[in-house]
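Some notes on the structure that comes next.
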Amino acid sequence: MSSDEGSRKARRDAARERARATREKEQQRKRRNRWFLQGGIGIAVLAAAAIVTLVVVNSVQPAGPGPKNMASDGILLQGNGSSISAVETAAVKADGEPTATSTAAHADTVNIVVYEDYLCPYCNQFETSNMTQIKQWVTAGSATLELHPFNLLDASSLGSKYSTRSANAAACVANYQPDEFLDVNTAFYAKQPSEGTRGLTNAQIVSLVQKAGATNANIPSCITDGTFTGWVADATNRALTQKIPNSTVKKLTGTPLVLVDGKQYTGSLTDATAFASFVEQAAEASLGGATTTPSPSAG
């Protein structure tokens, strides 16, 4: 082999080696990029999963025991001819189910049930127009009143969850000083904030319930700690997804929901005479006219 041929062969071999090295580096680069890409996707998936988990955890209220004297998710009030008092019941345990009020135990009265949100202006209309005469009926023993506060309008208080906080406060009163519940209920409507505002602060709520007569020393911390917020969420979910007990109503679809002996009142919320007529008709149907309601009066 001549020197020229040997030189040409060496150059070809060197070129092939450079090409092989270049191909190998390119393959290594592709493998490295593919690994980083896959690793990056994996990290992103894990990060997204962590965020979703955090959102889920933060959006679900932990289950907790309910308040005493609200075993039905509401507080039942009855009269003895001169005053109104709460029917005492044990608390529903965490993850427990409420017990519907026994209508048989109150068969000789008209049973009025109200599902309400303390931020709801229509609930306020019903309260201010009808509660005076309802109190008269309950005091006289002609009717019972069962109140169910819940948190349908939390989204209407600029993130402060006023509906939940006020319903929790009502539950605190039911738990520690149930006989003052009705006065506190009225006070919440008297100081009702407008939708689209943050509503009362916890300190203002404490002051409100105390001025209404609920002065038990345990109530302020119950309000500020949100002791029954988990129960409020559970009770609201039950009202929105399950059949309303002692009625034919499949679920709550608006506020207020007013029932008289299981029949839904759909008349004017501000016409006390119309509501009194509805109650009298329910009394005649259920009791054969045995119950006499006082003359209707506007609240």
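The values are calculated or read from the model by the stated rules, or taken from the named source; none is laboratory data. Worth saying up front: this structure is predicted, and the values here are computed from it rather than measured. Neighbour counts are summed over all protein chains in view; Cβ atoms, including those assigned to glycine, are modelled from backbone coordinates with ideal geometry. For the accessible areas, the whole protein counts, side chains as well, though only heavy atoms, and no ligand, DNA or RNA atoms are used. Shrake-Rupley method; radii C 1.70, N 1.55, O 1.52, S 1.80 Å.
Only protein heavy atoms count here; under a 1.4 Å probe, SER194 has an accessible surface of about 80 Å².
A simple packing score, the average count of other Cβ atoms within 10 Å per residue, orders the peptides 115-122, 225-232, 248-255, 87-94 as 115-122, 225-232, 87-94, 248-255, with the highest score first.
Whole angstrom only: what separates the Cα centroid of the range 225-258 from the Cα centroid of the range 86-164? Using only Cα atoms to place each centre, the spacing works out to 10 Å.
Near LEU269: Cβ cut-off under 15 Å, other residues only, Lys/Arg at +1 and Asp/Glu at -1. The net charge is -4.
Tell me the per residue accessible area of the range 67-122 using a 1.4 Å probe; a whole number in Å² is fine. Intermediate results must be reported in sequence, preceding the final value.
Values: 2540 Å² over 56 residues.
For the range 67-122, the solvent-accessible area averages 45 Å² per residue.
Could you please report the charge total around ARG238, scoring K, R as +1 and D, E as -1 over all other residues with beta-carbon less than 14 angstrom from its beta-carbon? My count for the surroundings of ARG238 gives -1. Using a simple spin-label model with pseudo-atoms 7 Å out from Cα toward Cβ, SER83 and THR253 lie 4.3 nm apart. Relative contact order of the range 239-290: 21 percent, from C-alpha pairs under 8 Å at least 6 residues apart in sequence. For the range 74-90, 3J(HN,Hα) computed residue by residue from phi via the Karplus equation (6.51, -1.76, 1.60; θ = phi - 60°) reads x, 9, 9, 10, 9, x, 10, x, 9, 8, 10, 9, 8, 7, 7, 9, 6 Hz, glycine and proline entered as x. Put simply, the amide H of GLU116, placed in the peptide plane, has neighbours under 5 Å in HIS148, PHE150, leaving out anything fewer than 5 places away on its chain.
Counting only other residues whose beta carbon sits under 12 Å from that of THR103, what net charge do I get with K and R as +1, D and E as -1?
Result for the neighbourhood of THR103: -3.
Leaving out ligands and nucleic acids, note down the accessible area per residue over the range 153-276 with a 1.4 angstrom probe, in whole Å². Each step should come with its number before you reach the end.
Numbers: 5350 Å² over 124 residues.
Using a 1.4 Å probe on heavy atoms only, each residue of the range 153-276 averages 43 Å².
Computed with a 1.4 Å probe over protein heavy atoms only, the accessible area of LYS243 comes to about 120 Å².
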